[in-house]
Amino acid sequence: MSNPPIKVIACLLVATATATVAFAAPQQVRETGIVAADVDVEVYNVAGSVRISGWDRNEVRVEGSLGEGVERLAFENDGDDVEIRVVVPRRRRRDPARQVGDTHLEIMVPRGASVSVETLAATITVVDVDGSVSMESSAGSVTYRGAAMDIEAGSAAGDIEINATAAGASIDVEGVAGSIMVQFTDASVRASSLTGGVRVIGGRLREGDFESVSGSLYFEGEIAAGAELDFENFNGSIELLIPGDTAASFDITTYSGTIETEFGFEGRSVEAYSPEQEAEFTLGDGGGAEVSVETFSGTVRVRRR
Amino acid sequence: MSDAPSEERLNDYVDGLLSEHEAREVEAALAASAEARATVEFLRSLRARSEQLPDAIEPGRDLWPGIAERMVPAPLASVVAEPTTGIVGDEVTPHRTWWPSLDGFQWATLGAAAMLLMVASSSLTVWVLSLPGNESVAGVPTVVSGGEGIRPAEVSYALEIEQLMRVLYENRDAVDPDTVSTIETNLRVIDRAIDRVREALQEDPANPGLVRMLTKNYQHKVQLLQRANHIIELS
């Protein structure tokens, strides 16, 4: 039997390679729809990334690539509500983040849209979306930058970074093990983590509620007149860096840590033989603002900016 | 009184904290509500069991940490926990294994044992906090119970935690192991914080800040488990 011609073998190899590459290449997706300027957009992804950007068109556009094992991208639009969902086959739903490849979605929405994003391991980035924004990931990082008035963000294992520029914004951030960074201009902020550190830097803080178990809490900014700020953790440090002309009343307690201030007030023992220390003092005329700081064994520092 | 009394109200009734007039109102409501009667019966049995618990059980040597490490599902291990050593920075180490490979009966047995431990643990705390010298603690308002004592709040948390953990065990395979590890590590941190605050409360039982901190840590635990269960729903 004679050998097959070299050209035939070469053609077969090229055809096989082409087919393999085509089969392995991620499936590209593109969807568009005309929507209201204040459309509600819901997005769900498993692994990979979701990036949502605001633009000056009344249109939603999705572009991206589906990960291996993903069934399809569902895109539903009735003009007022848009749902974008990465659909995973039912057989892959046990720990799907480990069983499907990364899906990357780039989504454009009207600047005034409200968006809600949930992912398992996919990172979330939202920029220049000024309606309400809700972002939740199990293991991915979460990032927001823009002028939304209501911002909610959460992640169990990922870091969270918020940069809110709107005056009067309400920011609610909840982490577990990742770090939290919130930068704001003029806002009310609630930020909690269990073991991750929380850093909040402004700007004028209207209301503040900061909690952690073993993570550190750091606040740098102005305290608005009439503000109520609460800082509480178990054993991380708590540090406030505030202007020298701050007007506020402070009530600080640590059960076995220490209290240090750069305003001439130090912690004093609550009673003999007890490690508990407290410091109560008022800066300026108080301004109607109240700051409560409580930690079990952490160190509290109130520093002058 | 036409409306069924709340669980907190029934707790107070069982604990004998209501005035005569209030108690009569609850009894009138009990006559009309089988569900309320069942709740009272449960609370009384819980109280009776907690009163039978000793102050402490001292084994010849501490076998439990080793047993727990090998047998108890990871998040549960954080509840039954090791002896308190405190939390300092990164001292908390992740568990060596995720979910042991157990059959249904073993899971059920461990689950039942775990629930018993949790109830017993909470009951013991209830009992300790209800000792004559500790009324001041019991009467301190807590964040979540709107002026009610720590005792019903702690029992309530124990029951809620039990339910949430059960859902977590039953669906553990749906969650990414790294996320399970994160949840487990954080549960252990919270449990150690709870232990430390409880120790401090033994030294200073009238300290409202410590009671509030204890409540807050229970809240953290419930919220973490709710988040874990939400992840399961997403999966």
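Only the coordinates and a few stated rules stand behind these numbers; no lab work does. Because the structure is a prediction, the values reported are computed rather than measured. Glycine gets a Cβ as well: all are built from the backbone with ideal geometry, and neighbour counts include every protein chain shown.
What's the exposure ranking of A:Val293, B:Val222, A:Val43, going from fewest to most Cβ atoms within 10 Å?
Result, fewest neighbours first: B:Val222, A:Val43, A:Val293.
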Original post:
What is the set of long-range amide H partners of A:Val302 at a cut-off below 5 Å, with H atoms built 1.01 Å from backbone N?
Top reply: A:Leu240, A:Glu260, A:Thr261, A:Glu262
Original post:
Remind me, what semi-axes does the stretch A:138-270 give for its equivalent ellipsoid, largest first in whole Å, using sqrt of 5 times each Cα gyration tensor eigenvalue?
Top reply: 25, 19, 10
Subject >> Hydrodynamic radius by Kirkwood, which averages 1/r over all alpha carbon pairs of the stretch A:34-90, in angstrom >> reply: 12.3 Å
Original post:
Semi-axes of the equivalent ellipsoid of chain A: what are they in whole Å, largest first, if each equals the square root of 5 times a C-alpha gyration tensor eigenvalue?
Top reply: 51, 23, 14
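What is the antiparallel percent of DSSP beta bridges lying wholly in chain A, to the nearest 5? Before the final figure, lay out each step's value.
Details: 28 of 135 bridges.
Given both bridge residues lie in chain A, the antiparallel proportion sits at roughly 20 percent.
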Original post:
Once both axes come from the Cα atoms, what is the angle between helix A:6-24 and the longest principal axis of chain A, in degrees from 0 to 90, rounded to 10?
Top reply: 30 degrees
Original post:
Applying the Karplus parametrisation 6.51 cos²θ - 1.76 cosθ + 1.60 with θ = phi - 60° to the phi angles of the stretch A:32-41, what ³J(HN,Hα) value in whole Hz is obtained for each residue in order, glycine and proline being reported as x?
Top reply: 9, x, 7, 9, 6, 5, 10, 4, 9, 10
Subject >> ³J(HN,Hα), Karplus 6.51/-1.76/1.60, whole Hz, each residue of the stretch A:171-183, x for Gly, Pro >> reply: 10, 10, 10, 9, x, 10, 10, x, 7, 10, 10, 10, 10
Subject >> Built amide H within the under 5 Å cut-off of A:Met181, gap 5+ >> reply: A:Ile160, A:Glu161, A:Ile162, A:Arg199
Subject >> Gain in span if fully extended, A:Asp80 to A:Ser292, counting 0.36 nm per residue against the direct Cα distance >> reply: 72.0 nm
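Report the equivalent ellipsoid semi-axes for the stretch A:229-305 in whole Å, largest first, defined as the square roots of five times the eigenvalues of the gyration tensor built from alpha carbon atoms.
Square roots of five times the eigenvalues give 21, 13, 11 Å.
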Subject >> Extension gain (nm, one decimal) between A:Glu271 and A:Met149, 0.36 nm per residue minus Cα-Cα >> reply: 39.4 nm
